[in-house]
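Single-structure report; data block below.
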Amino acid sequence: MIRALAFTFLCLASIAAAEIAARKPNILFILTDDQGYGDVSAHGNPVLKTPNLDKLRSESVRFTDFMVSPTCAPTRSAIQTGRHEFRNGITHTILERERMDPKAITIAQVLKGAGYTNGIFGKWHLGDEKEYRPTSRGFDEQFIHGGGGIGQSYPGSCGDAPGNKYFDPAILHNDRFEKTTGYCTDVFFTQAAKWIESVKGKQPFYCHISTNAPHGPYIARPEDKKLYEGKDLGTDTENFFGMLHNIDENVGKLMAKLDEWGIAKDTLVVFMNDNGGTAGVKVFNAGMHGSKGSPWIGGTRASSFWRWPGTLTPADCGALTAHIDVYRTWAGLAGAKLSPSSEKQAEGRSLIPLLENPSAPWQDRNLFSHVGRWQKGTDYQQAKARNAAIRTTQYHLVSEARAPAKAKKADAAGWQLFDVKADPAESKNIAAEKPEVVKAMLADYDAWWDSLAGQIDLNEKAVGPKLNPFAEEYWAQFGGSPSEADLKRMDPQAAFSFETRRAPKK
């Protein structure tokens with residue numbers, strides 16, 4: 001009888017999910033850079049105020065246990081491909097190790113095949129050479145900065161236009177640079193709104209707004225920073241919260257535009273952050289352990305709000321979900337038939353059953369996290385158990401230890417186990433009490449790690465150009481030549497020094 005009822009429930013859930021599949025909504029995706037789960041006032045932040053994000057959250061299906069990667073480029077590649085970043089060759093955020101496998105089929109390409117027009121505004125960070133850029137990966141419109149952040153450039157191919165700042169940045173608009181006026185976040189949202197207005201009603205659109213804010217350097221508009229002065233936060237956090245205030249205002253304005261244009265009910269709005277918190281963690285971290293660049297839940301849990309007025313009923317969904325699930329979900333909503341290659345590529349699941357019914361059955365699984373960032377040129381096997389984690393609905397197995405060179409298997413020593421349902425703060429290591437759980441999870445991790453061969457090392461020996469292509473194209477358009485600082489960035493030793501400074505602490 002119980003089995004019969006369960007089967008009936010599963011069938012009903014499948015029928016319900018089919019009701020929103022292939023509806024072809026516009027997809028408006030907003031992805032912030034280095035905003036933590038705790039950097040939303042509705043999540044309990046005692047200082048930061050985000051009224052527009054709070055409103056968006058209240059109108060959304062909210063995935064409350066949504067996992068991403070520990071840093072930015074990895075998360076972006078997982079969203080675009082539906083698979084773990086290591087399978088895209090992305091093991092870092094610089095030194096060609098942020099370049100996404102050219103053979104990977106992006107969600108933008110899938111949506112384009114289903115009749116969508118696609119535009120990206122802001123941060124890409126999956127390769128700055130022409131063949132890696134959005135317009136080579138399924139986007140019709142690109143309005144992006146280079147590298148991992150505005151003004152950031154490193155040895156090789158990863159870098160932004162020379163001299164770029166958060167105010168009045170030069171932005172690559174399709175194949176030409178435009179010298180913009182205003183604060184970077186305002187610039188990206190304004191351009192995205194112009195593009196939406198130009199394409200709405202003609203065909204469904206996928207608008208990807210990816211802010212560089214509130215990533216460091218922490219530079220807010222003075223009027224936004226002023227809102228958080230005098231609260232004993234420190235200059236960095238004042239600016240960080242000010243940058244988030246500006247994002248919040250832009251989200252509110254764009255939501256109002258959807259209403260004004262009469263397309264709110266035809267548009268799925270998805271809001272996410274790309275990794276754990278940074279400058280705001282010392283104020284509030286939602287009770288989590290860890291932050292950006294760590295394998296702890298505080299480094300890999302993200303906000304995930306899905307708003308579709310008149311179609312999705314606002315609710316919390318506690319199922320263990322992740323960035324790799326976005327691919328199949330958007331494809332399903334768009335009515336796109338995945339090619340055999342896309343089917344093989346996508347590791348994630350469709351969230352459509354949960355969007356329709358947040359309490360729908362959801363089978364448990366393993367989600368694997370690894371910070372990566374080992375020194376380029378070394379054997380990646382040495383980093384197998386350094387800053388790594390395995391997650392299930394109930395358990396989180398974490399290791400910050402350095403594994404022996406060329407470890408054949410993940411030894412239990414150095415791994416800590418937490419029951420995140422009973423202990424969400426990850427305060428009590430229960431590995432000694434649950435050796436059978438540790439053994440089973442490590443066996444799964446070994447199998448997963450072995451399966452990465454030929455993918456994880458795609459970019460490990462890649463040699464980039466002496467100067468990043470954004471700089472070369474900028475000077476070709478406006479004139480100029482490398483400065484002394486630019487020449488220093490070509491030095492491989494400078495890259496090694498940067499990588500060493502940024503290596504996660506044990």
**Prompt:** How many of the residues making up the stretch 44-103 are over 11 Å from the mean Cα position of the chain (by Cα), part of a helix (DSSP H, G or I) and not acidic (Asp, Glu)?
**Reply:** 11
**Prompt:** In the stretch 451-506, what residues are within 29 Å of the chain's Cα centre (by Cα), acidic (Asp, Glu) and modelled with pLDDT of 50 or more?
**Reply:** 457, 460, 472, 473, 486
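Would you mind finding the one in 226, 200 that is under 23 Å from residue 333 (Cβ atoms) and at pLDDT 95 or above?
Criteria check complete, one pass: 200.
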**Request:** For residue 81, indicate whether it is buried (at least 24 other Cβ atoms within 10 Å of the Cβ) and either assigned by TED's automatic domain parsing to the domain that holds residue 329 or modelled with pLDDT of 95 or more (or both).
**Result:** yes
**Asked** Hey, does the stretch 149-162 have a residue that's in the same structural domain as residue 336 (by TED's automatic domain parsing), within 18 Å of residue 77 (Cα to Cα) and surrounded by fewer than 22 Cβ atoms within 10 Å (Cβ to Cβ)?
**Response** no
**Asked** Can you name every residue in the stretch 180-218 that is in contact (Cβ under 8 Å) with a residue 12 or more places away in the chain and either charged (D, E, K, R) or outside the structural domain of residue 34 (by TED's automatic domain parsing) (or both)?
**Response** 186, 197, 200, 202
**Request:** Considering each residue of the stretch 94-125, count those that are among the β-branched types (Val, Ile, Thr), under 13 Å from residue 24 (Cα atoms) and crowded, with 24+ Cβ neighbours inside 10 Å, and give that number.
**Result:** 1
**Message:** Out of everything in the stretch 381-393 that is of a type outside the set (Gly, Ala, Ser) and under 23 Å from the mean Cα position of the chain (by Cα), what residue ends up being surrounded by the fewest Cβ atoms within 10 Å (Cβ to Cβ)?
**Reply:** 393
**Item:** Search result, residues across the stretch 310-341 that are outside any helix (DSSP H, G or I), over 16 Å from the mean Cα position of the chain (by Cα) and surrounded by 15 or more Cβ atoms within 10 Å (Cβ to Cβ)
**Value:** 311, 312, 314, 317, 318, 319, 320, 336, 338
**Complete:** Of those in the stretch 199-236 that are outside any loop (DSSP other than H, G, I, E, B) and among the acidic types (Asp, Glu), the residue surrounded by the fewest Cβ atoms within 10 Å (Cβ to Cβ) is 223
**Request:** Mind telling me which of the residues 122, 148 ends up being at pLDDT 95 or above and farther than 23 Å from residue 253 by Cβ?
**Result:** 148
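The values are calculated or read from the model by the stated rules, or taken from the named source; none is laboratory data. What you see is a predicted model, and the numbers here were worked out from it, not measured in a lab. Cβ: placed from backbone, ideal geometry, glycine included. Neighbour counts: every protein chain shown.
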